Structures are given as structure tokens and as C-alpha cells.
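Notes for the one structure printed next.
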Amino acid sequence: MLFSKHAFKQPRPPKDSAELSIDIVKQLDGLPLAIRVAGAALYRRDIADWEYYLDLLRTNVNSSVSKALRESFEALNNQEKLIFLYVACCFNGKHMHGVSRVLDLFTVSGHMPFRSTLCIKTLKEKCLISISTTKRLWVHDLLQDMARSIICEGKEENPWKRKILWNFMDINNVFCENMGSEAVEVESLLLDMPKGKELCISPAIFERMYNLKLLKFYNNSTGGESSKICMPGGLVYLPMLRYLHWQAYSLKSLPSRFCTTYLVELNLPNSSVETLWNGTQDLGNLRRMNLRGCRRLLEVPNLSKATSLEKLNLDNCESLVDLTDSVRHLNNLGVLELSGCKKLKNLPNNINLRLLRTLHLEGCSSLEDFPFLSENVEKISLDETAIEEIPASIERLSELKTLHLSGCKKLKNLPRTIRNIDSLKTLWLSNCPNITLFPEVGDNIESLALKGTAIEEVPATIGDKSRLCYLNMSGCQRLKNLPPTLKNLTHLKFLLLRVAPISQSVLRPRVD
């Protein structure tokens, strides 16, 4: 029984509670969500509490489910209530780790910070939220509707007094109405901009939002008439935000009066910024920075104080010429994305970001030198760059598992030292016309893509690559033959060849 599983942590209820359990389930019309929530709410509660709960449900049969959900909410402490409302209204479907880092900083200046992870676990135990295998937080539609109703209770006519706003009309009213000197009490603004709508923002509007911690303007729709946020007078101030996501931000920079001390995430995808700010900002709490698609971005700001930064996304920043030398201070950076930065010529040299694991530079067509940013990097993507030579010192990258160099038209043969990288499992060199020699890789290689190269001969030592399961040499027009040692590859599942232009790619699974 579903109810018994949550109320008693066992398949069936004890005999002395069986009848009461059946009555509660009947009042909930068998709705699984309500049954789970009610059972979790009554776990370890005495009989008197159970009888009181049943009486509440019986007072109005038509709203039994709503009462069960609301009663579970009311049983939470204040921190748990606040965390639930934010997860339901702001972070539904988001990764638990990132959400907790934002919420942990929602109370500062003399107050103890939230221990949001503990609250989230409690909410899960009470079946008010669920956590997927990938650690994403999910709230049922009925519970989300309840959370939004709670936010609006008693403030239907005064949206500026609510903690969270998400409706276009409510947000537009807050930005447009003349409320005198009355403060805006909103803590979070989230707006999926509807098609064809325009939101006008005055330069100093955010000065009245003294308590604003989360600001998110985005557009999930595709095609049709676009929407926009109009700021004819610019922007002079932003509050002390914890989370900023402003898609297609239209100004050249962020306002000079913007304190970033507690900022955890900064997302400005597809924006018009040329620079973020001048000088050095306090970025000690910043974990993620996303400037993907900011095609006018000329420079990355000084990041010397962003020592907690874990992910930096600069994909398709087409005007970016170089990367600030201050990245050498990013000792917690795990992912650096610079794909499609067509003018990027230089990366800082002689630095070792100890936690960097993933480096994306594909499509950086002006990049000529192989980047050495971390000796612990596991994946490097350099497809379609102007790199001519891989230095022999690549053997320093002892943790490297994946190296992508496809489409590098100037790339010459790889150094023999690459065979010393025992961790290397994947090497892609497709469509590199100057590659004439089969790369000397270690025996742990699993995937080799050599399509469209000028390789003439596969060495007999290929038979030593016992873990090789994928070999693509289609389009290798100069290839003469394959050695008999190929039969030693017991794990080879895919062999792709195209000997002549008129033939098709041949997929040959190994048959034991």
C-alpha cells in the first residue's frame, strides 16, 4: 500500500491503524501524490494527530486533496517553507547542487545562512519534492500550483508585496505603476517573455527593490514575433543579487552600481555586452559565468577574485581576441568553453589550473598554439582550429582521456610522445589532410577517427591495441592495405573504410 509505505515505512499498516489509514486514503480519492504527501506528513505522529488530520479532510470533501497538500506545507518550519516555495516557483527541474549554493546565500548580514541541503532532504522525505537520479529537483504540478497560490495569498492586488513574481502583467505593473516611495518587497523576478510583448524598465527602478536576490529574464519560445526588454535610459543600479540570468541583455555593460559580493551565478547569453564592468569586482561566491553568444564581447573582465568559479562559458563570443591572464587564479575551474571564438588568438601560457577537466576550443579558427592550461585536463576539443603542431610536451597531460583535432587543416603528424599518455582513450583526427602517419598511441586507446587523412599505411603494432573498439579510416584515399595483425583486436566492433570515392562506408562488426 502506497500510504503505508510513507506513513509506516512498511508494506502494510499495523492492525490498530488499518481502519484509520483506509479512511484517509478514501478521502484523498486514491490520488498517488496526495497519498504520498499525507503518509509522509503523518509518519511518527500519534493517533490524535491522525484523527485531527482526518477531520480536516472530512470538513470539505471537494477539497480534500488540496487540504492534504496544504496541511503538509503548514507542518514545515519557516526555513523549509521558504525553500519549498523557491524550489517550486524558481528552481523546478534545476540541479540540486547549484540550487543549494544560491539558496544558502539568501540570508546574510548577521544572520546564519540557510542550510538548504538539509531542508531539501526534509522536503523529499515529506514527498513535497522529488530528486532524480541526476540530482535534479522536481515539484509536482499540483504542488507548484499550491506554492504559487500561497505566494499570492492576500496580495492579489499588490504584486509588489509578494516574495516571487513570474507573471508578465504583474511584473509590468510593478515596473510601470506609480507607487510613490513605497518599497517593492519582491525577492525574486522570473519572467519567460511572451511573444510580441515589450517590458519597459526605467534606469533606477531596481533601487526600490532593496530585497531582490534573484533576477531571471528569458525566452523559451522559438520562432514568431520576438519580445524585448526596453531600457531607453539605460540602467544605473542592480541590487545585491545571488542569481542573475538576463537573456539578450541589450546594454553594453552591467550598471556601475552593482555589488557582486553574493553573486553565485551570472548568465547573460546572447547579450550585447562589450565588457561587463571596469576594474576588479568581489566575486568570491561566483560559481558559474555564462556569456555564450555575446558576439560583441571584447574582453573578459578581471577574474582574479573569482576563486570559486567552476564553469566559464564563452562559446561564440566572436569578437573576443584573447583571454584575460587573471584566469590563472581560477583554481576551482572545472569547465572552460570557448567554442566558436573565431578571433581568439592567444591563451595564457605556463599556468596549471589543477581542477580543469574539460576544455572546449572547437571552431576557434585563429588559434595557432596548443593550449597548456592544466596538467590534469581530461578532455580537449580543438576541432577546426589553425593549430599546426602538437608539441612533444603533450606527454605532460597524464590524465588526458579525449583529444579532438578533426578539421585542423594545417595540423602535421603527431609527436611520438603521445604514446606515453596511458590515459588516452579517444583520438579524433578526421579531415586533417596533412596527417600522413598513423599516430603512435598507447595501448589503452579505444576510439580512433582518422577519416579523410593522408595515411598510407597502418602499422602492424595496431594489433597491440587490445582495447580498440572503433576505427574510422573512411576517405583515406592513399591507404594501401591493412595489416593481418588487425585480427588480434578482439574488442573491435566498428571498422569504417572507404577505399574508393564511389564506394560506400562499410560498417564491419566483429563476429567471434
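Observations on the structure shown:
- Close amide H partners of Leu367, meaning residues 5 or more places away or on another chain with modelled amide H under 5 Å apart, are Ala386.
- About its Cα centre, segment 78-150 has a charge dipole of approximately 180 debye under the convention of +1 per Lys or Arg Cβ and -1 per Asp or Glu Cβ, with nothing else charged.
- Violating pairs (Cα-Cα greater than 30 angstrom) within the set Lys410/Lys465; Lys135/Lys493; Lys216/Lys401: Lys135/Lys493; Lys216/Lys401
- Sequence-ordered 3J(HN,Hα) estimates for segment 477-490 from the Karplus curve with 6.51, -1.76 and 1.60 and θ = phi - 60° stand at 5, 8, 5, 8, 7, 10, x, x, 5, 4, 5, 6, 7, 5 Hz, glycine and proline given as x.
- Approximate spin-label separation Glu456-Lys195, in nm, with each point projected 7 Å along Cα-to-Cβ: 6.0
- With neighbours defined as other Cβ atoms within 10 Å of a residue's Cβ, the residues Tyr52, Tyr86, Tyr262, Tyr470 order from fewest to most as Tyr52, Tyr470, Tyr262, Tyr86.
- Amide proton proximity set for His245, modelled H, under 5 Å, gap of 5+: Leu215, Lys216, Phe217, Asn267
- Considering segment 78-150, its Cα convex hull presents a mean projected area of 4.7 nm².
- Calculated FRET value between Glu157 and Glu299, using beta carbons and R₀ = 51 Å, to 0.05: 0.65
- Spin-label model distance (nm) - Ser149 vs Arg257, 7 Å beyond Cα toward Cβ: 4.1
- Cβ-to-Cβ counts within 10 Å put Phe494, Phe84 in ascending order as Phe494, Phe84, the fewest first.
- Amide H contacts under 5 Å for Glu310: Arg288, restricted to partners 5 or more places along the chain or on a different chain, H placed in the peptide plane at 1.01 Å from N.
- Couplings 3J(HN,Hα) of segment 422-437, computed from phi: 5, 7, 5, 10, 10, 9, 10, 10, 4, 6, 10, x, 8, 7, 10, 10 Hz, in residue order, whole Hz [Karplus 6.51 cos²θ - 1.76 cosθ + 1.60, θ = phi - 60°; x for Gly and Pro].
- Pairwise label distance in nanometres, Glu182 with Lys124, each label 7 Å out on the Cα-Cβ vector: 4.2
- Working note: Karplus 6.51/-1.76/1.60 with θ = phi - 60° gives segment 382-398 the couplings 10, 4, 6, 9, 9, 5, 9, 8, 9, x, 4, 6, 4, 4, 5, 7, 6 Hz, where Gly and Pro are set to x.
- Global form of segment 330-420, assessed from the alpha-carbon gyration tensor, a/c cut-off 1.5: oblate
- Over 30 Å between alpha carbons, listed pairs Lys9/Lys161; Lys343/Lys451; Lys213/Lys379; Lys67/Lys94; Lys228/Lys305: Lys9/Lys161; Lys213/Lys379; Lys228/Lys305
Every number here is computed from the coordinates shown, using simple stated rules; none is lab data. Computed from a predicted model, the values in this text were never measured in an experiment. Positions of Cβ are backbone-derived with ideal geometry, glycine not excepted, and every protein chain shown enters the neighbour counts.
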